[in-house]
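One structure below.
The values are calculated or read from the model by the stated rules, or taken from the named source; none is laboratory data. These numbers were taken from a predicted model, which means no experiment stands behind them. Here the Cβ positions follow ideal geometry from the backbone for every residue, glycine too, while neighbour counts run over all protein chains shown.
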């Protein structure tokens, strides 16, 4: 069976002429982009993962700028544009209790404490202090649920189930 891969960043552009790429981070783990780390590139057209080794990293205007071994020019880096950077499942770090990977939350069924089914988590946004879970409802518009203790009461990733206590106006 092929290894499962998990997103840690999206390459949005090249940077300069020496092979650097501009990355939007999709991970909280700083060490993902350290020199020597192995990442897997998956392009838009070709879904075959390509192993890359980070040999340069710096921060620039809210982006991570990465350089990979053997990608030493803008022509090399150009091939990486719009692709995803991923890690293998065995590279995932253990999390503290009450913390979850996005892939564990996406796909969970969401219901209220009173048993009303709301929908399924389809996406997670990270706009600021806390994540916001986007819940797809059957036939209705999406619902945005803040991931805060006052709202999210129970998360069971094994059974793909989440129980919430909606604040007033949250489901209107």
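Annotations for the structure displayed:
- In segment 91-113, the residues that are closer than 15 Å to residue 7 by Cβ form Cβ pairs under 6 Å with partners that are outside any loop (DSSP other than H, G, I, E, B) and modelled with pLDDT of 70 or more, at six or more places apart or across chains, as follows: 102/124; 103/6; 105/121; 106/121.
- Per the conditions (1) assigned to a strand (DSSP E or B); (2) in contact (Cβ under 8 Å) with a residue 24 or more places away in the chain; (3) over 20 Å from residue 26 (Cα atoms), the sole criterion not satisfied by residue 120 is (2).
- The residues of segment 14-34 that are assigned to a strand (DSSP E or B) and either under 9 Å from the mean Cα position of the chain (by Cα) or on the phi > 0 side of the Ramachandran plot (or both) amount to a single one, 25.
- Residues satisfying the stated conditions in segment 66-80, i.e. over 12 Å from residue 21 (Cβ atoms) and under 25 Å from the mean Cα position of the chain (by Cα): 69
- Selection from segment 127-144 of residues that are over 16 Å from residue 99 (Cα atoms) and part of a strand (DSSP E or B): 134, 135, 136, 143, 144
- When restricted to residues that are loosely packed, with under 13 Cβ neighbours inside 10 Å, at positive phi and in the same structural domain as residue 114 (by TED's automatic domain parsing), segment 129-172 contains 1.
- Sole exception among (1) surrounded by 13 or more Cβ atoms within 10 Å (Cβ to Cβ); (2) assigned to a loop (DSSP other than H, G, I, E, B); (3) at pLDDT below 90 for residue 45, by number: (1)
- Inside segment 111-126, residues that are in contact with a strand residue (DSSP E or B) (Cβ under 7 Å, 6 or more places away or on another chain) and either surrounded by 15 or more Cβ atoms within 10 Å (Cβ to Cβ) or farther than 21 Å from residue 99 by Cβ (or both) make up a count of 9.
- Tally, over segment 35-65, of residues that are more than 13 Å from residue 11 (Cα to Cα) and within 18 Å of the chain's Cα centre (by Cα): 5
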